[in-house]
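These notes are about the structure you will find just below.
The values are calculated or read from the model by the stated rules, or taken from the named source; none is laboratory data. Remember, it's a predicted structure, so these values are computed and weren't measured experimentally. Backbone-built Cβ (ideal geometry, glycine too); neighbour counts: all protein chains shown.
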Amino acid sequence: MRSPLFILASAAAFTMAFALPAAAAPTGDTIVTFEITAGTLDIVVPATADLGDVAAGATSVSGQLGPVTVTDTRGALDAGWVVTVSSTAFTTGAATPAETIPASAVTYTPGAATATSGTATFTPGTPDDLATPITAFSATDIVGNNSATWNPTITIALPPAAVAGVYTGTITHSVA
């Protein structure tokens, strides 16, 4: 006869050998988030530009303004921007009528982009005079950050009555 201790030990071994599988280890989920913050829409233009000298009686003066750059770090989806450009009259001396060339005599030709980055469709505006603000450049179908640079040509028609002098005016670019 077997001892009760042997029977008890045998039963314990049998139970352990055929025990239910161990339960899976407990798990836990962590929801992780982060944010990409929107940047800005900026424009950089030359501080000054000199179109050079022409002789009295010339019909126009023309030259490049210098690089204009729009940088869009808004990180937008399906966005766009438009740059408008305007001009003041150009004057010399006391700005009498003979010393003034109106903004309508100033023609802005954006030309093609000299550099772009990002995903967007970049489009130069149509050359036109600056009697009223015109579109200089635009971007559509934007996805994420982007930038565009162009170097517009400024042509100023000189009236026959324009007097000699250094003429100064302001060309303003705005982006929205």
(request) Considering only the stretch 96-122, state which residues are surrounded by 13 or more Cβ atoms within 10 Å (Cβ to Cβ) and either at pLDDT below 95 or among the β-branched types (Val, Ile, Thr) (or both). (result) 98, 100, 101, 106, 107, 109, 116
(message) Can you confirm whether residue 56 is under 27 Å from residue 165 (Cβ atoms) and of a type in the set (Gly, Ala, Ser)?
(response) yes
(request) Please identify the pairs in which a residue from the stretch 147-162 that is touching a residue at least 12 places away in the same chain (Cβ under 8 Å) and within 20 Å of residue 50 (Cα to Cα) has its Cβ atom under 9 Å from the Cβ atom of a residue that is among the polar types (S, T, N, Q) and crowded, with 22+ Cβ neighbours inside 10 Å, counting only partners at least 6 apart or on another chain. (result) 154/87
(request) Could you tell me which residue of the stretch 161-176 is nearest to the chain's Cα centre (by Cα), considering only residues that are buried (at least 18 other Cβ atoms within 10 Å of the Cβ) and assigned to a strand (DSSP E or B)? (result) 175
(request) Could you check, for the stretch 78-86, whether at least one of its residues is at pLDDT below 95 and either within 33 Å of the chain's Cα centre (by Cα) or within 18 Å of residue 134 (Cα to Cα) (or both)? (result) yes
(message) What's the total number of residues in the stretch 143-160 that are in contact with a helix residue (DSSP H, G or I) (Cβ under 8 Å, 6 or more places away or on another chain), surrounded by 17 or more Cβ atoms within 10 Å (Cβ to Cβ) and outside any strand (DSSP E or B)?
(response) 1
(request) Of all residues in the stretch 60-74, count the ones that are under 10 Å from the mean Cα position of the chain (by Cα) and not basic (Lys, Arg). (result) 5
(request) Could you run through the stretch 46-83 and say how many residues are in a strand (DSSP E or B) and of a type outside the set (A, V, I, L, M)? (result) 13
(request) Starting from residues that are loosely packed, with under 12 Cβ neighbours inside 10 Å and either touching a residue at least 12 places away in the same chain (Cβ under 8 Å) or acidic (Asp, Glu) (or both), keep the ones in the stretch 38-49 and report whichever is farthest from residue 144 (Cα to Cα). (result) 40
(request) All but one of (1) surrounded by 14 or more Cβ atoms within 10 Å (Cβ to Cβ); (2) farther than 16 Å from residue 175 by Cα hold for residue 70, so report the exception by its number. (result) (2)
